[in-house]
Every structure is written in structure tokens, then in C-alpha cells.
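Have a look at the structure below, then the notes.
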């Protein structure tokens, strides 16, 4: 029950991997028992253990979370999916704790020339696929697009702000072009009317 998806955290920076690890711990433990909040025996035991490690062991929340997770069999697969070694206060304990899966991180850069809007679109699509099935891209259009991809994964709020700004600017530019076209068309019609008037006056 609550088995982690192997490799789901591949490519994440340590702080983001730790954040996802903690979220998955809570999610998996919450589902161990059916019923309401008062029935979550395993979940409550984990929270007490984390609190004890923080209070008596002088650990940070992240360290206490990693150390406590080692005592729960249902959380073992998470250690394979998320590399939280930077937050493990006692790496030598619990010999049965799995090591994280290592995947090649090299991504081939195609050095394509894309507009900023196109780079954002690629980054959002690649990040969406990663979040859905845990698959990293093997190629990227250019380095800037890859940077945006990392931001889309790790700082989605900031990424969406970038995307919103570009889309808003695009809407403004389209409106300006429409108004400019309308003004040009009106000018042409006015010139035609003036020429017609002059021709009629000449006659």
C-alpha cells in the first residue's frame, strides 16, 4: 500500500526532493488506516517520532522526517525515488534503507533559436510530462529553455508569473496591431474620400 513511483524524484534539487519526500510520507501514512483523523494510528506515530527527534535529538524538521521514515516499511520505496541523503543525520543506521535510483542527468542541447514564448511553451510541456509520469527530457531546444523547465518544476509559482506576463504582453501587442490596422484602413478610406472630392471639384 502506498508504494512510491520509482524515479519520480529524479533530477530534483535536494531541497525540492526533500519537500516532495515529506509530502509523500504524509500522504502514504495517512492512507495506512481507513477512517477519520482519530483512526490514523500510523500517521500519528510518525508525527510523534518526528517531534521526538526534533526535541530530544536536536534535529531539523527535514532530518527528523528522514530519520523517522526509516522506521516505516511502507516508506522505504521513497528513499529509492527521492535522494534525501543531504538530510540524513545518521546514514549508517537502518541498513535496509534503499539507495536512490541514479539516472543520467546529461540532457542533449540542440541549440535551436526559439522565441521566449516558444521556450516557455516547451518548458511547460516538459515539466507537465515529468510531473505526470516522472520522465525527464533527453533533449532540450537550448539552455535557456532548459532553465525555464527546471524553474517550472521547482518554482511553479514564479514560472507561471513569467508565463502570465508573456501572455498579457502578447494580448496587448495583438490589440495594438488590430488598432493600428484599423487606423491605417481608416486613413486609406479618408485619403480615397479626399481624392474623390478633389476629382469632383476639378470637374
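Every number in this text was worked out from the coordinates using simple rules, so none of it is lab data. Because the structure is a prediction, the values reported are computed rather than measured. Here the Cβ positions follow ideal geometry from the backbone for every residue, glycine too, while neighbour counts run over all protein chains shown.
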Extending each Cα 7 Å along its Cβ direction at residue 162 and residue 86, get the distance between those two points in nm, one decimal. 2.0 nm
Placing each pseudo-label 7 Å from Cα in the direction of the beta carbon, residue 118 and residue 94 end up separated by a distance in nanometres of 4.8 nm
With a point put 7 Å past each Cα toward its Cβ, work out how far residue 26 is from residue 109 in nm, to one decimal. 3.7 nm
Taking the mean number of other Cβ atoms within 10 Å as a proxy for protection, how do you rank 117-129, 149-161 from highest to lowest? 117-129, 149-161
How high is the relative contact order of region 14-87, given as a whole-number percent (alpha carbon pairs under 8 Å, six or more residues apart)? 41 percent
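Ranked highest first by the average count of other Cβ atoms within 10 Å around their residues, in what order do 23-35, 65-77 fall? Provide the component values of the computation, followed by the final result.
Working: 23-35: 15.2, 65-77: 19.5.
For the peptides 23-35, 65-77, the packing ranking is 65-77, 23-35.
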